[in-house]
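Worksheet: the structure to be examined is printed underneath.
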Amino acid sequence: MDWPEPGGSAEIVPLARGVALPGHVEVSDGTDLRVRLVLAEYAEQLKVKPGHRVDVLWGGPTGGRSLPAEVTEIRSDPELRWSLQIIGPAEASQRRQSVRARVELPVVARCGAVLITGQTVDLSEAGARAWFDGWGLQPPSGTPMDVTLELGGGAFTAAGEVVRVEPRGPRWLISMKFPGLTEQEQDRLRRRVFEALRLERLRQAD
């Protein structure tokens, strides 16, 4: 079965917008899909209409997969749902499925016995990059790092992991990933990311 399973997660990428929208698959029969969009308020701002082309991304047993589809119906009753018609075969997809945006937030991290503060450069539901003042030896890739971000609505804490460190003078730009987040935790990060994307679109429109 080379299409998303009902009850699973998928991401919908409107080809004219280039932004991946997270969703939950409700119907999937090999020809038609019905997906409930998680971030309805942002999806509605993209002005997607029936007839628009999209890519459907999901994780298959052998890795990322992608299907071309066409939007056939959009309903809000009250949750936003898109009905899609599959128009081509599935292919392997190497596309990064997490949406990233420039977001500057205060961040506190614990790396071993060291407690450090800094500021994020960008953010996604899978991780972040942040500036910190350098200390001691650079932590190697895979080093655990507990991270607390000041998101709207309160602090957000995640068990992170160092991906790489880029020294820039006395400061380090550290890329971190957040493995093992729950869907609710990912949704909270996505909302902050999409809020940043919405504000950026408004600035560009002005």
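Key figures
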item: Amide proton proximity set for Phe178, modelled H, under 5 Å, gap of 5+; result: Gly127
item: C-alpha long axis of helix 183-205 to longest principal axis of the chain, angle in °; result: 90 degrees
item: Per residue solvent-accessible surface (Å²) - segment 28-91, probe of 1.4 Å; result: 49 Å²
item: Alpha-carbon centroids, segment 21-56 and segment 152-206: separation in whole Å; result: 24 Å
item: Most mobile listed residue (Thr182, Thr62, Thr143) in the chain, GNM with C-alpha springs under 10 Å; result: Thr62
item: Relative contact order (%) - criterion: Cα under 8 Å, at least six apart; region: the chain; result: 14 percent
item: Segment 64-145, accessible surface, carbon-and-sulfur percent (1.4 angstrom probe); result: 50 percent
item: Per DSSP, loop GluC sites (Glu not before Pro) in segment 5-65 with at most 11 further Cβ within 10 Å; result: none
item: Normalised alpha carbon radius of gyration of the chain [divisor 2.2 N^0.38 Å]; result: 1.13
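The values are calculated or read from the model by the stated rules, or taken from the named source; none is laboratory data. All of these numbers come straight from a predicted model, not from anything done at the bench. Reconstructed Cβ throughout: ideal geometry from the backbone, glycine too, with neighbour counts over all protein chains shown. These area figures cover heavy atoms from the full protein model, side chains too; ligands, DNA and RNA do not enter into them. Shrake-Rupley method; radii C 1.70, N 1.55, O 1.52, S 1.80 Å.
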